[in-house]
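Asks: The structure that follows is given in the form of structure tokens.
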Amino acid sequence: MNGEADVKQVSTGFDQDGLMLDAEEETRKIVDRLRVSVHQTLRRQGAVVGISGGIDSSVVLALSARAFGPRRVVGLLLPEKESSEDSAELAQKVADHYNVPTVTEDITAALEGLGCYRRRDEAIARLFPDYGPGWKAKIVLPGNLLEEETLNVFYLTVTDPEGDTFTERLPLREYYEVVAASNFKQRTRMAMLYHHAELRNYAVIGTANKNEHDLGFFVKYGDGGVDVSPIVHLFKTQVFQLARYLDVPEEICERVPTTDTYSAGSTQEEFFFRVPFDILDPVWSRYERGVSNEEMAEALGLTIDQVERVVTDLIRKQRTTAYLRTRPIEGRHLENRRDGGDGWSQESQGG
């Protein structure tokens, strides 16, 4: 989804599901909760927000500036050698728009020290032996769920220096290696966010929306490592509504949501969600209210099969990513259990 036309298209069916926000009232509530959470609960004096030029971080920056005043907010730019140039330019533009000071920390050297690029590239080269300098890569899922039923099987797409593109299904071992290495990016950004927050006695404000959090589109202790998550209850399309109300720059509102993780660039839809947000959100909101697939199909102009595929994918993603939303299990909460197969036992620990 991108652009004003998309927002209008989405808005037409929102009143049925309560997805159309009272943006002014929603902003007031979020700003009030931010102040209470940061000042009273966390005893912090301001906010650090990692900004990428995307819609979510721009909205959170605008909300934080309203909550604490621009001088009590830091917009942190965290580029690395594979980041899109547009990201830094748009991030600085939105910070200037709200008069929020920025700090730029290039994390390339840290990622090189951790072996992020080397570990990832070694896995990629096992699939594409010619892969090397000048090549680009990204992970993608099969095409739009509205078109055909396919499982969430990941593929690796690479582009050589001449612009030729090749795609192979990712074996499990290489998938784990590419993802584990790439996740150094989000976890390094988290470490830098907390560095700057602790320098100022500020809180780290997260930018995840409902789609990302509830479906598992985040890195545990990476972009999921924050103090406050002010928009985690909002669907992506609702974030766009807030962006219009908060006067987020038009270029950002029109920008296609991306991951900015892989060197080849990847939209959020092709990497993870598999359907446009203006379909995903109305289906999801109706599913949560117990609306039947038949009613959904009729209201949204879809076939029942298409609705069933979207709903099944939602359920599957929530189930398979539940681990990411699980808090650390304390010793006193471990179950007394014994495994009958290999003799392993886990005893409950004292608190």
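Asks: What is segment 26-124 by shape, rounded, prolate or oblate, if you read a ≥ b ≥ c off the alpha carbon gyration tensor as root eigenvalues and call it rounded for a/c under 1.5, prolate for a/b larger than b/c, and oblate otherwise? Don't jump to the answer; show the numbers that get you there.
Replies: Numbers: a/c = 2.59, a/b = 1.97, b/c = 1.31.
Judged from the Cα gyration tensor, segment 26-124 comes out prolate (a/c at least 1.5, a/b above b/c).
Asks: Let me ask something else about it. Length gain on complete extension for the stretch Val179 to Arg43, per 0.36 nm per residue less the alpha carbon to alpha carbon distance?
Replies: Numbers: separation 136, 0.36 × 136 = 48.96 nm, distance 3.55 nm.
Full-extension gain reported as 45.4 nm.
Asks: Need one number for segment 52-97: average projected area of the convex hull over its C-alpha atoms, nm². List each step's numbers first, then the result.
Replies: Values: hull surface 12.0 nm².
Spelled out: convex hull of the Cα atoms, projected over all directions, averaged, 3.0 nm².
Asks: Please compute the Kirkwood hydrodynamic radius of segment 147-219 from all pairs of different C-alpha atoms, in Å with one decimal. Don't jump to the answer; show the numbers that get you there.
Replies: Working: mean 1/r = 0.0636 Å⁻¹.
Hydrodynamic radius (Kirkwood, Cα pairs) of segment 147-219 is 15.7 Å.
Asks: Helix-only mean residue ellipticity at 222 nm, the chain, DSSP H runs n ≥ 4 weighted -39,500 (n - 2.57), per residue, nearest 500. What is it? Working shown, then result.
Replies: Values: 13 runs with 155 residues, N = 351.
After summing the helix terms and dividing by the residues of the chain, the value is -13500 deg cm²/dmol.
Asks: Mind giving me the FRET efficiency for Glu254 and Asp96? R0 is 25 Å, r the Cβ-Cβ distance, nearest 0.05 is fine. It would help to have the intermediate numbers written out before the result.
Replies: On the way: r = 18 Å, r/R0 = 0.73.
Efficiency computed from Cβ-Cβ geometry: 0.85.
Asks: If you don't mind, another one. Compute the longest continuous run of the chain that contains no exposed GluC sites (Glu not before Pro); treat a site as exposed when its DSSP state is not H, G, I, E or B and it has at most 13 other Cβ atoms within 10 Å. Intermediate values should be presented prior to the final figure.
Replies: Working: sites that count: Glu147, Glu148, Glu149, Glu162, Glu330, Glu335, Glu347.
It runs 163-329.
Asks: Let me ask something additional. If each Cα of segment 246-320 is one equal point scatterer, what is log10 of I(q)/I(0) from the Debye formula at q = 0.15, 0.19, 0.21 Å⁻¹?
Replies: Per q value, in the given order, log10 I(q)/I(0) is -0.64, -0.87, -0.95.
Asks: Now a separate question. Just tell me, in residue order, which DSSP H segments of the chain are both 15 angstrom or longer along the helix axis (alpha-carbon based) and at least 0.0 in mean Kyte-Doolittle hydropathy. Please list the in-between numbers first.
Replies: On the way: long enough: 23-35 (18 Å, -1.37); 55-68 (20 Å, 1.31); 85-97 (18 Å, -0.92); 116-127 (18 Å, -0.99); 172-200 (42 Å, -0.61); 277-288 (16 Å, -0.36); 304-320 (24 Å, -0.64).
Taking the DSSP H segments of the chain (at least 15 Å long, mean hydropathy at least 0.0), we get 55-68.
Asks: His196 to Arg118: extension gain in nm, 0.36 nm per residue of separation minus the Cα-Cα distance?
Replies: Values: separation 78, 0.36 × 78 = 28.08 nm, distance 2.77 nm.
That pair, His196 and Arg118, stretches by 25.3 nm at full extension.
Asks: Mean projection of the alpha-carbon convex hull of the chain over all orientations, in nm²?
Replies: Numbers: hull surface 83.6 nm².
Projected over every direction and averaged, the Cα hull of the chain covers 20.9 nm².
Asks: Looking at the chain, send over the antiparallel percent of its DSSP beta bridges, to the nearest 5. Display every interim value, and only then the final one.
Replies: On the way: 13 of 23 bridges.
Counting only bridges with both partners in the chain, antiparallel ones make up about 55 percent.
Asks: Share of Cα-Cα pairs in segment 280-323 beyond 12 Å, in percent?
Replies: 56 percent
Asks: Which value, in Å², gives the accessible area per residue of the chain when a 1.4 Å probe is used on the protein heavy atoms?
Replies: Values: 17060 Å² over 351 residues.
Roughly 49 Å² per residue, with all protein chains present.
Asks: In whole Å, how far is the Cα centre of segment 123-196 from that of segment 283-299?
Replies: Here the answer is 33 Å between Cα centres.
Asks: For segment 70-156, just say rounded, prolate or oblate: build the C-alpha gyration tensor, square-root its eigenvalues into a ≥ b ≥ c, call rounded for a/c under 1.5, and beyond that prolate if a/b exceeds b/c, oblate if not.
Replies: Details: a/c = 3.14, a/b = 1.52, b/c = 2.06.
Oblate is the answer for segment 70-156, as a/c is 1.5 or above yet b/c matches or exceeds a/b.
Asks: Kirkwood Rh and Cα-based Rg: tell me the resulting Rg over Rh for segment 143-291, rounded to two decimals. Show your work: numbers first, answer last.
Replies: Numbers: Rg = 17.4 Å, Rh = 17.7 Å.
Rg/Rh for segment 143-291 comes to 0.99.
Asks: At 1.4 Å probe size, with the rest of the protein present, what percent of the exposed accessible area of the chain is carbon and sulfur atoms? Please report the intermediate quantities before stating the final value.
Replies: Values: 8160 of 17060 Å².
Its accessible area is 48 percent carbon and sulfur atoms.
The values are calculated or read from the model by the stated rules, or taken from the named source; none is laboratory data. Computed from a predicted model, the values in this text were never measured in an experiment. Note: ideal-geometry Cβ built from the backbone for every residue, glycine included; neighbour counts use all protein chains shown. To get the accessible areas, we keep the full protein, side chains included, count just its heavy atoms, and leave off ligands, DNA and RNA. Shrake-Rupley method; radii C 1.70, N 1.55, O 1.52, S 1.80 Å.
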